[in-house]
Amino acid sequence: LMDKEPPVIHETMTLNQILKIFSENNYLYYPVVNAKKTLSGIITVEEIKDTLMESNLSGFLLAHDMMGLVRQYVFPETPMSEVMEKINRYHLEFLPVVNNEKKLYGFIDRRLLRLHLSTKIIELHKRAEALT
């Protein structure tokens, strides 16, 4: 359920480098890490659009200048029930997974999580029908 190798943006990447990552992937949220690969923020498609529309300095901006704060995250050993509860309680579309030093371990995307759960429910219904 977790993407263990999400596309990562480094704090020092330029807007052009960030746009290249966005164009090569289907995510709406991208983790930003520092030189030690510690999670330091998040960049969303909305933030990129806002930056492009409002700034004449877009050629000089780095990821660090555009990223938002990461308010919630979980650890690899966090039970799925707690992950779902956190996603629902805070209305999150993404949830970074970090280790104890806040180094990025993976990324959970709400859309992919719902797709996976829906698929599992359908599979369980088919199994139950086959038993009757």
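The values are calculated or read from the model by the stated rules, or taken from the named source; none is laboratory data. Please read all numbers here as calculations on a predicted model, not as lab measurements. All Cβ positions, glycine included, derive from the backbone under ideal geometry; neighbour counts span all protein chains shown. Surface areas here come from the heavy atoms of the whole protein model, side chains and all, with no ligands, DNA or RNA. Shrake-Rupley method; radii C 1.70, N 1.55, O 1.52, S 1.80 Å.
Helix 45-54 axis versus longest C-alpha principal axis of the chain: approximately 20°, rounded to the nearest ten. Each Lys and Arg adds +1 at its Cβ and each Asp and Glu adds -1 at its Cβ; summed about the Cα centre, the chain shows a dipole of about 340 debye.
To the nearest ten degrees, helix 110-131 and the longest principal axis of the Cα atoms of the chain are 10 degrees apart.
The residues of the chain have, on average, 66 Å² of accessible surface per residue, using a 1.4 Å probe with all protein chains present. Any chance you could give the angle, 0 to 90 degrees and rounded to 10, that helix 80-89 forms with the longest Cα principal axis of the chain? Helix 80-89 and the main axis of the chain meet at about 60 degrees.
A Förster radius of 22 Å, combined with the Cβ-Cβ distance separating Gln72 from Arg111, puts the computed FRET efficiency at roughly 0.85.
Tell me the net charge near Thr38. Cut-off is 14 Å between Cβ atoms, Thr38 excluded, with +1 for each Lys or Arg and -1 for each Asp or Glu. Net charge in that neighbourhood comes out at +2. Computed over the chain, the P(r) curve from all C-alpha pair distances, binned at 10 Å from the origin, holds 12, 38, 29, 14, 5, 2, 0 percent per bin. Using a 1.4 angstrom probe on heavy atoms only, work out the carbon and sulfur share of the accessible area of the chain in %. Here carbon and sulfur together make up 55 percent of the probe-accessible area.
Check the chain and count each lysine pair with an alpha-carbon distance under 27 angstrom, considering only pairs eight or more places apart or from different chains. Counting lysine pairs in the chain gives 23. Subtracting the Cα-Cα distance of Leu124 and Lys49 from 0.36 nm times their residue separation leaves 22.9 nm of extension gain. In terms of the mean number of neighbouring beta-carbon atoms within 10 Å, the peptides 102-109, 84-91, 125-132 order highest first as 102-109, 84-91, 125-132.
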